1. Does residue 173 satisfy the condition of being assigned by TED's automatic domain parsing to the domain that holds residue 266, surrounded by 23 or more Cβ atoms within 10 Å (Cβ to Cβ) and not in a helix (DSSP H, G or I)?
2. Conditions first: (1) assigned to a loop (DSSP other than H, G, I, E, B); (2) surrounded by fewer than 18 Cβ atoms within 10 Å (Cβ to Cβ); (3) in contact with a strand residue (DSSP E or B) (Cβ under 7 Å, 6 or more places away or on another chain). Residue 251 passes all but one, so which condition is the exception?
3. Condition test on residue 111, is it out of contact with any strand residue (DSSP E or B) (no Cβ under 7 Å at 6 or more places or on another chain) and surrounded by 23 or more Cβ atoms within 10 Å (Cβ to Cβ)?
4. What number of residues within segment 180-219 satisfy the criterion of being modelled with pLDDT under 95, in a helix (DSSP H, G or I), within 22 Å of residue 247 (Cβ to Cβ) and under 20 Å from the mean Cα position of the chain (by Cα)?
5. Quick one: in segment 141-161, which of the residues that are touching a residue at least 60 places away in the same chain (Cβ under 8 Å) and under 12 Å from residue 25 (Cα atoms) is farthest from the chain's Cα centre (by Cα)?
6. Please work out which one of (1) assigned to a loop (DSSP other than H, G, I, E, B); (2) farther than 30 Å from residue 123 by Cα; (3) at pLDDT 95 or above is the condition residue 286 fails and give its number.
7. Could you please tell me which pairs satisfy a Cβ distance under 6 Å, a separation of 6+ or placement on different chains, a first residue in segment 204-218 that is farther than 9 Å from residue 165 by Cα, and a second residue that is surrounded by 13 or more Cβ atoms within 10 Å (Cβ to Cβ) and at pLDDT below 95?
8. Kindly state which strands (runs of 3 or more DSSP E) lie completely within segment 1-82 and contain at least 1 residues that are at pLDDT below 95.
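The values are calculated or read from the model by the stated rules, or taken from the named source; none is laboratory data. All values reported here derive from a predicted model rather than from experimental measurement. Cβ sites come from the backbone with ideal geometry, for glycine too, and all protein chains shown count toward neighbours.
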């Protein structure tokens, strides 16, 4: 295959999945990004990483972006002689902000853009391959499409629907000092939940979609969860404490993905607005880094240099 000499640059957003009751289904793309520049080189691997996860450059073939690129090249039928990769990461890793989904999406899109046969891997194929690598579609769907996504699988095929969040939605990110492995958070979940709790959760998830797309006045009720947050509280008590404090102050707040970060869903120009989060977080015993973000409405983007 005749490989291009120029690199490609992929910009991927952070994502917050679940959003309370939308367990393994809802995802929101956030205005915080990792950037990966990839090129074909004569042989071997050359990896540079700066920012979050800079030590992962030593992972070589185990680096998640490289693994995703290999998977995409494999699906397209040919591996390049070598890969050069430079990552500039702003998404915190291990906090429930979709860093692994971002790495997977970046790798798949970079490989598709570098390969002359890239058209053989359509967007639906990228979503499917990303889901297989990630294990579930919620974060990768939001990362690819931007905005608010609903993701599901049917006959083992990943699918998603994209919705536009209401104007003025200002997610406020609260990041604690220490990360938490997603596997540890998943282990806290029970094998079954009472039928009444599942039914209540279904109603809240439907309400949350309405709140995020039409009526933000429904956000407090729409972000109430019965499926995962109560069970995960014991492995992330500081997260549960901050959520309780924020909700007591009238601020819709949820665990971001598997945690331990917290996401407050505020709307600029309303009360309490995004500026109300910092004083509440300051009153908690743990140290929290607060960042007011935009919703990323574009999703992952690719540029050829």
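1. Judged against the criteria, residue 173 is a match.
2. If we test residue 251 against (1) assigned to a loop (DSSP other than H, G, I, E, B); (2) surrounded by fewer than 18 Cβ atoms within 10 Å (Cβ to Cβ); (3) in contact with a strand residue (DSSP E or B) (Cβ under 7 Å, 6 or more places away or on another chain), just (2) comes out false.
3. yes
4. Residues meeting the conditions: 1.
5. The extreme case among them is 152.
6. For residue 286, the failing item is (3).
7. Short answer, once both residue conditions are applied: 216/267.
8. Per the criteria, 22-40.
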